[in-house]
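Structure first, commentary second.
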Amino acid sequence: MSILEKLQLLGQFGFELLANLGRSGLFLANLLIRKPQFKKSFPLLVEQLYFIGVLSLAIIVLSGLFIGLVVGLQGYNTLNKFGASQQLGQLVALSVVRELGPVVTALLFAGRAGSALTAEIGLMKSTEQLASMEMMGVDPLWRVISPRFWGGFISMPLLMIIFSVVAIWGGYLVGVVWLGVNSGIFWSAMQSAVNFHDDIVNGIIKSIVFGSVVTWIAVFQGYNTVPTAQGIGRATTHTVVYSSLAVLGLDFVLTAVMMGGW
Amino acid sequence: MRERIIEILVGFFMLFGILALLVLAFKVSGLTSAVDANGYNITAVFDNVGGLKIRSPVSLAGVHIGEVSAIKLDNVQYKALVTMKIDSKYKKLPVDTSASILTQGLLGANYISLTPGFAHTFLNNNGTVQDTHPALILEDLIGQLVFSLKNPGGKK
C-alpha cells in the first residue's frame, strides 16, 4: 500500500467522522426545534421517565451508598494521619457533590439506560417499526425519540442529586456511626465548606450536560443503527463507549470552566 | 391501571429528587443561615482579618451566637471593617465587649470570638466594638521567632 492510499483512507475516515457529526447535529436540532404538543406527549414522557429514571433508581442508590462508604473509609484513614479526621464531612461532601456524583451517575446511566435505549430503538428500526410509523403518518422522531431524549434529560439530574445524598449518608455512616467522628463537627465542617452555588448548582449543571449528551448519543446510535443483529450490538457498544468517553472528557472541560470562577 | 401505577411511581421519583435537593441545600451546604432574620448588626475594625470569610462564625464563650455578614476595607484608616450579624436572642452585649479573631485548631478556619465586658449599657443595632485583636498570622510569628533566634540578645 502506498503512502497515497493510506492518506486516502485517512481522508475517508475524516469525511465519515464529519458526516456523522453533522448527521447527529441535525438529528438533535430536528429533535429540539419543533412545535411542542404538551398534552399529547406528556403520557409518553411519563412512560420514559419511568423506564429511564425510576428503574435506574436501584442501581444508583446502591452504588451511591457503596461509594459513600468507601470514600468515608479511605478519607478517614488518610485524614487521621494528619489528625484532621473532623474534616471528613467536608471531604466526602465536596468530592461527591463536585465530581463523583455527576460522573459516576452518568457512567452508570450510560450503562443502564443508554444501552437499553439504543437497543430498543435499533430493534425498532431493524424490524421496520419506525418506517411503518412514518407510513401511518406518525413522526417517529416525535413519537419515539423525543420522549426518550427528554426523559433522560430530566432523569439524570434527579438521579445525580439522589446519588449525592445517599453517598453523603454513606460517608456519615462510616465516619460518625462506625468510626466515631463527632456528628456535629461532621455536619458543620461540611456546611462551612460546601457552597450552594459553587458546588451544588455546578454539580447539577454538570449532570444536566452529561444527561443530555448521553441520551443524545444513545438515541442517535439507535436511530442510525445498521438494521442487522450485528448492527444493533455494535450500536449498543458504541453508545456505552462514546458516552463514557464524552462524560469523562466533558467533565474535565466543565471543571476547568467552573474552576475559572464562572 | 398500569398507566396509573407508572404515573404514581414517576411522581414518587420526582418528589424524591426534589427532597434530595432540599437535603443538599439545607443540610449539606447550610444555605439557611443560623441567624434569624431579625438579628442585629455590630461592626468592628481590625488591623488584619487573616483568613476570615463572610459567614464565618461569631462565638461568645464558645457558643455560636452569629456570623460575619460583610468584610470591607476602610479606605481612610486602611483597616478591615467587619460587620457581624448577631442572633436577636443575644441582645445584651455590653458596650465594652472585645472581639478577637482566633483559629479553630492549628490549621482550622478563622472565627471571631467575643469577650463580654462589664458595662451596664449594651450594644445596639449598628453599634461598634472598640476593643479588637487582629488575627495571628502564623507566618509572621515564625518569622519573628526565626529572627529572634538568629540574633539572640541582639538590639531591637
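Taking chymotrypsin sites (Phe, Trp or Tyr not before Pro) as candidate sites, keep only those in a DSSP loop with at most 11 other Cβ atoms within 10 Å, then name the longest stretch of chain B containing none of them.
Looking at chain B, B:1-77 is the longest stretch - no exposed chymotrypsin sites (Phe, Trp or Tyr not before Pro) with at most 11 other Cβ atoms within 10 Å.
Dipole of the stretch A:43-259 (Lys/Arg Cβ +1, Asp/Glu Cβ -1, origin at the Cα centre): which of A:Ser243, A:Ile204, A:Val194 lies farthest to the positive side?
A:Val194
Taking the Cα centre of each part, how many Å lie between the stretch A:140-181 and the stretch A:215-262?
19 Å
What relative contact order, as a whole-number percentage, does the stretch A:142-262 give when Cα pairs under 8 Å and 6 or more residues apart are counted? Each step should come with its number before you reach the end.
On the way: 63 pairs, mean separation 37.6, N = 121.
Relative contact order here is 31 percent.
Would you mind working out the magnitude of the charge dipole of the stretch B:40-136 relative to its Cα centre, with +1 at each Lys and Arg C-beta and -1 at each Asp and Glu C-beta, to the nearest 20 Debye?
So the dipole magnitude of the stretch B:40-136 works out to roughly 280 debye.
Please report, in debye to the nearest 20, how large the charge dipole of the protein assembly as shown is about its Cα centre when each Lys and Arg carries +1 at its beta carbon and each Asp and Glu carries -1 there.
140 debye
Quick one: compute the contact order of chain A, relative version, from alpha carbon pairs under 8 angstrom and 6+ residues apart, as a percent.
It comes to 31 percent, rounded to a whole number.
Let me have the 222 nm mean residue ellipticity of the protein assembly as shown computed from DSSP H runs of 4+ only, each contributing -39500 (n - 2.57), with the sum over all residues rounded to the nearest 500.
When only DSSP H runs of four or more count, the value is -18500 deg cm²/dmol.
Among A:Phe149, A:Phe82, A:Phe196, whose mean-square fluctuation peaks in a Gaussian network model of chain A (Cα, cutoff 10 Å)?
It is A:Phe82.
State the answer as a single residue: which of B:Tyr90, B:Ile18, B:Asn38 lies farthest towards the positive end of the charge dipole of the stretch B:7-95, with beta carbon charges of +1 for Lys and Arg and -1 for Asp and Glu, about the Cα centre.
Of the candidates, B:Tyr90 comes out farthest on the positive side.
As an exercise, use a Förster radius of 60 Å and the Cβ-Cβ distance of B:Thr121 and B:Ser148 to find the FRET efficiency, rounded to the nearest 0.05.
On the way: r = 42 Å, r/R0 = 0.71.
E(calc), rounded to 0.05, equals 0.90.
Nearest 10 degrees is fine. How inclined is helix A:229-259 to the longest principal axis of chain A, computing both from alpha carbons?
Helix A:229-259 sits at roughly 50 degrees to that axis.
Say we join alpha carbon atoms closer than 10 Å with springs in a Gaussian network model of chain A; which of A:Leu250, A:Leu88, A:Leu32 then has the biggest fluctuation?
In this elastic network of chain A, the residue with the biggest mean-square fluctuation among A:Leu250, A:Leu88, A:Leu32 is A:Leu32.
Assuming R0 = 51 Å, what is the FRET efficiency of A:Lys40 and B:Lys89, from their Cβ-Cβ distance, to the nearest 0.05?
Once rounded, the FRET efficiency stands at 0.35.
Let me check against my output: what whole-number percent is the relative contact order of chain B, with C-alpha pairs under 8 Å and at least 6 apart? Present the calculation step by step, with values, prior to reporting the outcome.
Details: 257 pairs, mean separation 37.0, N = 156.
Averaging sequence separation for qualifying contacts and normalising by length gives 24 percent for chain B.
By how many degrees, 0 to 90 and rounded to 10, does the Cα axis of helix A:57-81 deviate from the longest principal axis of chain A?
Helix A:57-81 sits roughly 40 degrees off the main axis of chain A.
Roughly what angle does helix A:115-126 make with the longest principal axis of chain A, taking Cα atoms, 0 to 90 degrees, to the nearest 10?
For A:115-126 against chain A, the angle is about 10 degrees.
Can you tell which of B:Asn41, B:Asn110, B:Asn125 shows the greatest fluctuation in a Gaussian network model of chain B with Cα springs below 10 Å?
Comparing B:Asn41, B:Asn110, B:Asn125 in the GNM, the peak value goes to B:Asn125.
Suppose each label sits 7 Å from its Cα in the direction of the beta carbon; what would the A:Ser2-A:Gln74 distance come out to in nanometres?
The two pseudo-label positions are separated by 5.4 nm.
So between A:Arg23 and A:Glu128, what do we pick up on full extension, going 0.36 nm a residue minus the alpha carbon distance?
Extra length from A:Arg23 to A:Glu128 when fully extended: 35.8 nm.
What does the extension gain come out to for A:Leu55 and A:Ile33, with contour length at 0.36 nm per residue minus their alpha carbon separation?
Values: separation 22, 0.36 × 22 = 7.92 nm, distance 2.87 nm.
In short, 5.0 nm is gained.
Can you pull the one-decimal nm distance between simple spin-label points at A:Arg112 and A:Thr255, each 7 Å off the Cα toward Cβ?
In this crude label model, A:Arg112 to A:Thr255 measures out at 2.3 nm.
Under the rule a/c < 1.5 gives rounded, and otherwise a/b versus b/c splits prolate from oblate, where does the protein assembly as shown land using the Cα gyration tensor?
Prolate shape, in that a/c is at least 1.5 and a/b is the bigger ratio.
On full extension of the chain, what length is gained from A:Ser183 through A:Val241, given 0.36 nm per residue of separation minus the C-alpha to C-alpha distance?
My answer for the length gained is 16.8 nm.
Any read-out appearing in this document is the output of simple, stated calculations on the displayed coordinates, not a laboratory observation. None of the values given here were measured: they were computed from a predicted structure. Note: ideal-geometry Cβ built from the backbone for every residue, glycine included; neighbour counts use all protein chains shown.
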